[in-house]
Amino acid sequence: MNEIEIGRGKRGRRAYSFEDIAVVPSRRTRDPEDVSISWQIDAYHFELPVIAAPMDSVVSPQTAIMMGQLGGLGVLDLEGLWTRYDDPTEHLAEIAELDASASIPRLRELYAAPIRPELITQRLREIREAGVTVAGSLSPQRTQQFWRTVVDAGVDLFVIRGTTVSAEHVSSSAEPLNLKRFIYELDVPVIVGGAGTYTAALHLMRTGAAGVLVGFGGGATHTTRTTLGIHAPMATAIADVAAARRDYLDESGGRYVHVIADGGAGQSGDIVKAVACGADAVMVGAALARASEAPGRGFHWGSEAHHPFLPRGERVQVGTVGSLQEILTGPGRDASGTTNLMGALRRAMATTGYTDVKEFQRVEVVVAPYTRH
């Protein structure tokens, strides 16, 4: 397993990030027009294997609608500003103007306002009325409190997302969410995560989840690695979880659980490598926060940035590179890998001779013999 001796009393397995690997061309090439990058989870079909992360800097009701119209999926953060304030646009504008030193204290103040169930219902209704797939996200801590409101509002896909989500959470002070029972009793498919290891993902798959988010503290806004010393390099994490998907497919007699890379895919090449390592789709934040329509106005932050006791993230400036459509489907503005993300995926698949996403998961990869500068 490529273990390395760290010292006499500790060994560690070598793990790889997207920067450490590269996709290898094969003997066959194809016309990019013959390549399909669509995917389907449960009864829901999407032309693009992209999910907009449930972060206030990325997804508003309007951008969730735009994502659906462009062929992807937008997931609204149901613990965000859109469910705490009637009109959060002035607060979003304020966040974009904050000095770096003032951002975390002010974010804490803004997110201290209570979540209002009627706003959850209203926001999800707005998305549904536009005729696109409706998806909303709650943390494991809030799921038991608000899940009924979410389901009654008519959500199509329910996302339970945290820095890490465990099927075996233990607490001496509160009754933990029983994921297996919860998912079994729901009438909608559930995507849950993040998971960073084979074992954690396999346990989540056994709860009945339709999809598992892969990642732990690897996003552009996270400081989890420096704050907690915990990190799961994405290339290895995705490959490990894809192995869990394969083994669970055999164990369950044919039940396929979708693997969704969540974090670290800020450029088109990262998305290509995520799929090559076994992802069915990618959940992206920073890449879409660069859109001119993004609520963050060129800034990006997650829930970790306003944690009341131990912030594990920050507000970062990602800038604006183009419209949401340009970022997803082009045309690309430059060679930075920040626009026409799906055109790059399609081109990579064509260049290596694969016609669909599941086939491309079998492409050869190597540990890259170079360092990005």
Next item on the list: Might you let me know whether region 279-297 holds any residue that is surrounded by fewer than 24 Cβ atoms within 10 Å (Cβ to Cβ), of a type in the set (S, T, N, Q), out of contact with any Gly (no Cβ under 8 Å at 6 or more places or on another chain) and within 29 Å of Val357 (Cβ to Cβ)?
Entry: no
Next item on the list: Just give me the residues in region 207-266 being over 17 Å from Ala305 (Cα atoms) and among the aromatic types (Phe, Trp, Tyr), in sequence order.
Entry: Tyr248, Tyr256
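To keep it simple, each residue is scored yes or no on (1) buried (at least 19 other Cβ atoms within 10 Å of the Cβ); (2) under 15 Å from the mean Cα position of the chain (by Cα); (3) at pLDDT 95 or above.
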{"residue": "Ala167", "(1), (2), (3)": "yes, no, no"}
{"residue": "Tyr184", "(1), (2), (3)": "no, no, no"}
{"residue": "Tyr198", "(1), (2), (3)": "no, no, yes"}
{"residue": "Thr224", "(1), (2), (3)": "yes, no, no"}
{"residue": "Thr227", "(1), (2), (3)": "no, no, no"}
{"residue": "Ala237", "(1), (2), (3)": "yes, yes, yes"}
{"residue": "Ala244", "(1), (2), (3)": "yes, no, yes"}
{"residue": "Ile271", "(1), (2), (3)": "yes, yes, yes"}
{"residue": "Ala274", "(1), (2), (3)": "yes, yes, yes"}
Check: Inside region 305-327, can you point out the residues that are buried (at least 17 other Cβ atoms within 10 Å of the Cβ) and of a type in the set (A, V, I, L, M, F, W, C)?
Finding: Ala305, Val316, Val318, Val321, Leu324, Ile327
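Among the candidates Gly296, Gly337, Gly322, Gly343, which residue alone is over 30 Å from Leu138 (Cβ atoms), modelled with pLDDT of 95 or more and under 19 Å from the mean Cα position of the chain (by Cα)?
After ruling out the rest, the residue left standing is Gly337.
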Check: Mind checking whether some residue in region 283-305 is within 30 Å of Asp99 (Cα to Cα), touching a Pro at 6+ places or on another chain (Cβ under 7 Å) and among the hydrophobic types (A, V, I, L, M, F, W, C)?
Finding: yes
Notebook entry, point to check: Which of the residues spanning region 246-259 are crowded, with 23+ Cβ neighbours inside 10 Å and either farther than 24 Å from Val367 by Cβ or of a type in the set (Asp, Glu) (or both)?
Noted result: Val257
Item checked: Qualifying residues in region 299-313 (those that are touching a Gly at 6+ places or on another chain (Cβ under 9 Å) and at pLDDT below 90) - the one nearest to Gln69 (Cα to Cα) -> Gly302
Next item on the list: For region 65-95, name all the residues that are crowded, with 24+ Cβ neighbours inside 10 Å, farther than 19 Å from Ala289 by Cβ and either modelled with pLDDT under 95 or of a type in the set (Phe, Trp, Tyr) (or both).
Entry: none
Next item on the list: Give me the pairs, please: first residue somewhere in region 78-90 and closer than 16 Å to Ala64 by Cα, second residue anywhere and of a type in the set (S, T, N, Q) and assigned to a loop (DSSP other than H, G, I, E, B), beta-carbon distance under 7 Å, and either six or more positions apart or on two chains.
Entry: Glu79/Ser139; Trp82/Ser60
Check: Restricting region 339-369 to residues that are in contact with a strand residue (DSSP E or B) (Cβ under 8 Å, 6 or more places away or on another chain) and part of a loop (DSSP other than H, G, I, E, B), which is surrounded by the most Cβ atoms within 10 Å (Cβ to Cβ)?
Finding: Thr339
Notebook entry, point to check: Within region 107-162, restricting attention to residues that are loosely packed, with under 15 Cβ neighbours inside 10 Å and among the polar types (S, T, N, Q), which residue is farthest from Val188 (Cα to Cα)?
Noted result: Gln141
Next item on the list: Return a yes/no flag: does region 268-285 have any residue that is part of a loop (DSSP other than H, G, I, E, B), more than 22 Å from Gln317 (Cβ to Cβ) and hydrophobic (A, V, I, L, M, F, W, C).
Entry: yes
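Out of all the residues in region 2-22, which are over 21 Å from the mean Cα position of the chain (by Cα) and under 21 Å from Gln361 (Cα atoms)?
So in region 2-22, the residues over 21 Å from the mean Cα position of the chain (by Cα) come out as 2-14, 22.
Hit for region 2-22 is Ala22, nothing else.
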Note to self: If a residue must be surrounded by fewer than 12 Cβ atoms within 10 Å (Cβ to Cβ) and either modelled with pLDDT under 90 or at positive phi (or both), how many such residues does region 8-28 contain?
What the structure shows: 2
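The values are calculated or read from the model by the stated rules, or taken from the named source; none is laboratory data. Because the structure is a prediction, the values reported are computed rather than measured. Positions of Cβ are backbone-derived with ideal geometry, glycine not excepted, and every protein chain shown enters the neighbour counts.
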